[in-house]
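Please read the structure below before turning to the comments.
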Amino acid sequence: MEQVEKLKYLKHDAIYLLKKLSGDEVPDWGLMNVQQMIEHLSDSVRIANGKDPHSLITPAENLEKLQAFMLSDKEFRPNTPNSLLPKAPAPVKLANIAAAIKELEQEISDFELFFSDDHSKIQMNPFFGPLTFEQWTHLFHKHFRHHLRQFKLIA
């Protein structure tokens, strides 16, 4: 899938699928509820759009292997650990799922804006290192699909 198609997927297809969720769904894995998952997606986009910059936490000797996985089409496994997340999911910040989706749409828009002047600009990912717009888009496509599968929105 090309970068343009992946960006369209994030902005339209994923949002369309998320809007189908009522909040009563039980995930196939993990502890986050629907709204926590959507807010988690927004948190991840905020790292890429410059609102919540992070330093690299991956040891240098592991970076090449992790980047190769990130750039591959291999999906994240269920229950993939994220050392930036607390053991118990964070309480929701927003009033409801609709507000969380609206925030996610805005963060994606701000991500595009952040890179609009230069798609080769670099923004640090704490796990995968310095990424360009294209690399972030690929990662978000992989990450969003992981959580859409978690809530049975895609196979």
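The values are calculated or read from the model by the stated rules, or taken from the named source; none is laboratory data. Note that the coordinates shown come from a computational prediction; the quantities given were computed from them, not determined experimentally. Heads up: the accessible areas ignore ligands, DNA and RNA and are worked out on the full protein's heavy atoms, side chains in. Shrake-Rupley method; radii C 1.70, N 1.55, O 1.52, S 1.80 Å.
Of note:
- Between HIS119 and LYS20, full extension at 0.36 nm per residue minus the direct alpha carbon distance yields a gain of 32.5 nm.
- Helix-only CD estimate at 222 nm, as mean residue ellipticity for the chain, using -39500 (n - 2.57) per DSSP H run (n ≥ 4): -15000 deg cm²/dmol
- Solvent-accessible surface of the chain, averaged per residue with a 1.4 angstrom probe and all protein chains in place: 55 square angstrom.
- Whichever lysines have a C-alpha closer than 20 Å to that of LYS65, once near sequence neighbours (fewer than 8 apart) are set aside: LYS74, LYS142
- Largest-first principal axis extents of the Cα set of the chain (Å): 40, 32, 28
- MET32 - accessible surface, heavy atoms, 1.4 Å probe, Å² rounded to 10: 30
- Radius, Kirkwood style, for the range 52-93 when every pair of distinct Cα atoms is counted (Å): 12.9
- Computed over protein heavy atoms with a 1.4 Å probe, the carbon and sulfur contribution to the accessible area of the chain reaches 56%.
- With every protein chain in place and a 1.4 angstrom probe, the accessible-area ranking of ASP117, ASP43, largest first, reads ASP117, ASP43.
- Sequence of ASP52, ASP24 from largest to smallest accessible area, 1.4 Å probe: ASP24, ASP52
- Annotation: lysines with alpha-carbon distance below 16 angstrom to LYS51 (same-chain offsets under eight excluded): LYS121.
- Reachable aspartates and glutamates from LYS152, criterion Cα separation under 17 angstrom, eight or more residues apart if same chain: ASP13, ASP24, GLU25, ASP28, GLU75
- Order of exposure, largest accessible area first, which applies to TRP136, TRP29 with probe 1.4 Å: TRP29, TRP136
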